[in-house]
Amino acid sequence: MRIRENIMKQTKIYNKPNLLRNCVLGLISVFFIGVVGFPLLWMVVSSLKPATELFKSPPTIFSDTITFEWYLDAFSNKTVVRYFINSLLVATGTTVIVIVMATFGAYGLTRFRFFGRKAVTVAVLSAYCIPPIMLMIPLYRIIARMHLNSSLFGVIIGHTTVTFPFAIWLLISFFRSIPRDIEEAALVNGASDLTIFFRIVLPLCVPGILSTGILVFILSWNEYLLASVLISQDSMKTLTVGIANYISSTEINWGVIMALGTATTVPIVLMFTAIQKYFVEGLTAGAVKG
Amino acid sequence: MYPVDAFLGQNGMSKEMVMENSEQAYLIKSTKQGRNIFLNFYTRRKLLGVIFILPTILFLVVFILYPVLSNLFLSLTDACLTKKNYNFIGFENYLKLFTNKMFLKYSWNTLVWTFFSVIGQLVLGLGLAMLINYQTIGGPFLRGFLLIPYVVPAVALALITKWIFNGDYGIASKWLQNIGLIDYKQSPLALPGGAMAVLIFVNIWRSYPFPMLIYWAALKGIDTELYEAAGVDGANRFQSFWFITLPQLKNTTIVLAILRIVWTATYFDLIWMVTGGGPAGSTTHLPIMIYQSSFGTFRIGYASAISILLGIVLFVCIIYYVRKSGDFAD
């Protein structure tokens with residue numbers, strides 16, 4: 001509430017009708033929208049240009065003809081379709097595992113008092129900072145020892161490792177924002193702990209859990225390093241690894257690559273736009289406190 | 001104060017105090033006696049809490065703690081991906097590293113890459129946070145739009161970079177050629193200095209949304225009365241930014257900087273996919289060196305030693321970060 005009042009006040013102070021100021025801010029905004037939007041727009045535009053336009057020098061911004069040949073090209077390739085399915089399976093599997101574990105974990109860490117609770121919270125926070133490059137070699141050995149490097153399970157484990165700390169961290173801040181009073185009322189009325197969790201807390205947290213889930217999905221979909229290391233079989237590769245192989249080859253088919261890039265990025269950006277409100281709330285509520 | 005609140009251990013009152021003093025606690029006590037024969041209320045809740053976080057603990061131990069320790073152990077051996085057995089060789093890997101000239105060069109690259117990326121994203125993040133904080137018309141749209149780079153896949157970004165900086169057809173290369181910064185038909189990615197500059201620029205583009213969000217939250221938290229007081233005292237906008245906003249954001253900046261240093265110094269995907277560490281090793285930083293030693297030459301013992309050395313530096317940062325945001329654990 002205090003924050004809301006502050007916003008109101010700040011807006012009042014700085015938003016005295018001032019044409020010059022508004023124009024300058026507007027211009028700056030447009031500039032940054034351009035800087036952020038241009039590379040993405042350029043990818044989409046390039047994927048829709050026929051070859052003659054694509055390799056024209058100097059490049060044209062908008063071509064006269066729009067073609068979907070690169071998309072048809074890309075998706076008539078069975079391997080590419082396979083990569084898509086793999087990515088979808090890996091990201092879904094990771095999301096399910098991470099969300100189940102993190103929901104229980106975050107609830108346990110925010111609502112129960114027991115020995116070592118603080119230590120676990122700190123461990124989660126530290127795990128959040130451990131970069132994938134340092135886990136890569138040991139994870140590779142673990143997965144190889146379990147003979148999982150020719151199946152998608154290996155990557156799912158890898159992605160769980162890198163997304164789990166972030167998920168539990170976000171969920172903790174969501175759980176914190178749910179007032180305890182409701183649970184206490186239920187407790188006084190004789191509800192058991194599990195009833196409280198499943199019938200009261202979970203329904204209240206659906207937006208938080210859903211948006212964390214989508215975020216985990218996105219992170220897993222985008223992940224490259226572990227996916228490239230933990231899979232040895234070509235047919236099991238994920239989309240990011242597949243595309244990365246295409247762009248590092250000497251003979252790059254730019255049209256197809258742009259189509260693939262667009263097809264990888266657009267769904268992700270749309271998903272993120274849908275959950276953005278909750279993501280912003282979750283991240284700014286308790287996240288990095290000074 | 002709710003007696004039950006104390007019951008859940010919130011405000012540090014002893015159980016006896018609550019039990020004796022409160023009627024409602026009595027209520028719970030009697031329900032408890034009626035319903036649970038084996039365990040009393042506290043033990044049951046403690047046990048349930050432990051069961052809830054058991055998967056978390058197990059996971060952290062097996063897939064985070066064990067790998068980190070395993071790295072430490074491997075760095076003291078001559079382990080190789082192609083051989084089954086390995087020997088304990090003490091600190092030989094580390095000695096080899098310190099006498100390797102390339103290690104020094106790659107560490108320097110890591111430093112340059114991290115320093116400019118982090119400075120860039122913090123400054124840009126703060127600037128844009130102030131912009132979305134002031135902006136009233138279209139504010140939510142602007143904020144949403146500026147957050148998009150957060151989720152753009154690194155691989156898509158890498159291929160865009162390679163395309164717009166392509167020497168023959170790239171639009172950005174064309175611009176640079178027109179203003180005479182580079183030769184005709186040349187790509188900045190083919191120049192040692194240029195490649196690093198482009199990568200840092202792209203990395204800033206990719207990673208400013210996180211600092212922007214956090215700064216935005218912090219800006220909203222600054223007490224407006226400070227600005228009002230400054231306004232009454234005749235401070236102009238720049239002065240109130242310099243003497244109020246910046247000092248108020250000091251802690252946020254420290255925590256953010258640490259977090260971003262850790263992530264940027266170890267960020268692998270972008271550089272690997274755009275330049276692969278080239279040209280002539282000018283964009284190779286330590287993560288790429290780790291990758292090449294483990295999956296190029298298969299010497300995972302050696303690679304572990306690099307990651308431990310990188311890790312020690314970052315470890316100090318991590319400890320500091322965890323302590324700084326210690327109130328996270330309330």
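The values are calculated or read from the model by the stated rules, or taken from the named source; none is laboratory data. For clarity, every value in this text was computed on a predicted model and none was experimentally measured. Cβ: placed from backbone, ideal geometry, glycine included. Neighbour counts: every protein chain shown.
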Exercise for the section: May I ask you to verify whether A:ILE214 is at the interface with chain B (Cβ under 7 Å from one of its Cβ atoms), in contact (Cβ under 8 Å) with a residue 24 or more places away in the chain, closer than 19 Å to A:VAL96 by Cβ and part of a helix (DSSP H, G or I)? Expected result: no
Fill in the blank from the handout: Being in contact (Cβ under 8 Å) with a residue 60 or more places away in the chain and over 24 Å from the mean Cα position of the chain (by Cα) narrows A:ARG82, A:ARG111, A:ARG117 down to just A:ARG111
Exercise for the section: Mind listing just one residue for me: the one in segment B:94-111 that is without any contact (Cβ under 8 Å) to a residue 60 or more places away in the chain and within 23 Å of B:PRO192 (Cβ to Cβ) and, of those, nearest to the other protein chains (Cβ to nearest Cβ)? Expected result: B:LEU111
Handout entry: Residue in segment A:136-152 that is farthest from the other protein chains (Cβ to nearest Cβ), counting only those that are free of Cβ contacts under 8 Å to residues at least 40 places away in the same chain and part of a helix (DSSP H, G or I)
Key = A:ARG145
Handout entry: Selected residue (criterion: farthest from A:ILE168 (Cα to Cα)) from residues of segment A:180-210 that are facing chain B (nearest Cβ under 9 Å) and assigned to a loop (DSSP other than H, G, I, E, B)
Key = A:GLY190
Completion exercise
Checked pairs for segment B:225-252, first assigned by TED's automatic domain parsing to the domain that holds B:GLY125 and farther than 22 Å from B:MET212 by Cα, second surrounded by 15 or more Cβ atoms within 10 Å (Cβ to Cβ) and basic (Lys, Arg), C-beta under 9 Å and 6 or more apart or across chains, list as B:GLU225/A:LYS9; B:GLU228/A:LYS9
Exercise for the section: Go through the residues of segment B:200-210 one by one and say whether even a single one is more than 7 Å from every other protein chain (Cβ to nearest Cβ), farther than 21 Å from B:VAL155 by Cβ and in a helix (DSSP H, G or I). Expected result: no
Exercise for the section: For B:THR114, indicate whether it is among the polar types (S, T, N, Q), within 14 Å of chain A (Cβ to nearest Cβ), under 30 Å from A:GLY34 (Cβ atoms) and surrounded by 15 or more Cβ atoms within 10 Å (Cβ to Cβ). Expected result: yes
Practice task
Output the residues belonging to segment A:225-245 that are surrounded by fewer than 18 Cβ atoms within 10 Å (Cβ to Cβ) and either facing chain B (nearest Cβ under 8 Å) or closer than 19 Å to B:GLN292 by Cβ (or both).
Solution key: A:SER232, A:ASN245
Exercise for the section: Kindly list, by first and then second residue, each pair from a residue in segment B:147-171 that is acidic (Asp, Glu) to a residue that is surrounded by 22 or more Cβ atoms within 10 Å (Cβ to Cβ) and part of a loop (DSSP other than H, G, I, E, B), limited to pairs with Cβ atoms under 7 Å and residues at least 6 apart or on different chains. Expected result: none
Practice task
Just name the residue that is surrounded by the fewest Cβ atoms within 10 Å (Cβ to Cβ) out of those in segment B:134-166 that are farther than 30 Å from A:GLU223 by Cβ and more than 7 Å from chain A (Cβ to nearest Cβ).
Solution key: B:ILE137
Problem - Top-ranked residue of segment A:153-179 - restricted to ones that are in a helix (DSSP H, G or I) and touching a Cys at 6+ places or on another chain (Cβ under 7 Å), ranked as nearest to the other protein chains (Cβ to nearest Cβ) - result: A:PHE175
